[in-house]
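Read through the structure below, which is laid out as structure tokens, and then see the notes.
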Amino acid sequence: MLTQAPSRLMRRPSGTKSTPKIGCGGSPSPHLVARAKDLPPGRALDLGAGEGANAIWLAQRGWEVVALDISPVALSTAQEHARQMTDRGEHITWESGDLYGGWQPTGHYQLISAQYLHVPRDQMAAIYPVLEAAVAPGGIS
């Protein structure tokens, strides 16, 4: 399911991607794999999800994933990749939103991944406390 943020939150034209991403058949971030491969599944938030390689990898391992990206185009592609690559695509919620424009995480997560999230230096102080508050007790970010 793709949920889209109100257009006032979008900072880039809707036809652009937020960052270059791995396409279908690509691999998840090696940093994510190294950190999460032995974790028990739980609830994960993938920030800067792009075309979905990290979210798909997590879902294949039993995680319930919220995948956020500013680009609805990238997320539509991600949904298609998930349909092609896993039977667990229903365990991924695709959300188009802008962290800098007011998007807020819902609930708590055992894992928050920001492998491809680019935070402008002047906005770090505002973004990181919001994300830190969303980490479940015992979770990692």
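The values are calculated or read from the model by the stated rules, or taken from the named source; none is laboratory data. Bear in mind that the values here come from a model prediction, so they are computed numbers and not experimental data. Cβ atoms come from the backbone with ideal geometry, glycine included; neighbour counts cover every protein chain shown.
Before moving on, here are some points about what is shown:
- Subset of the range 27-40 (residues that are within 23 Å of Ala136 (Cβ to Cβ) and either modelled with pLDDT under 95 or surrounded by fewer than 17 Cβ atoms within 10 Å (Cβ to Cβ) (or both)): His31, Val33, Ala34, Arg35, Lys37, Asp38, Leu39, Pro40
- For the range 107-141, residues that are over 18 Å from Gly50 (Cα atoms) and touching a residue at least 40 places away in the same chain (Cβ under 8 Å) total 9.
- Lone qualifier among Ser96, Ser113 - being in contact with a strand residue (DSSP E or B) (Cβ under 6 Å, 6 or more places away or on another chain) and under 19 Å from Ser29 (Cα atoms): Ser113
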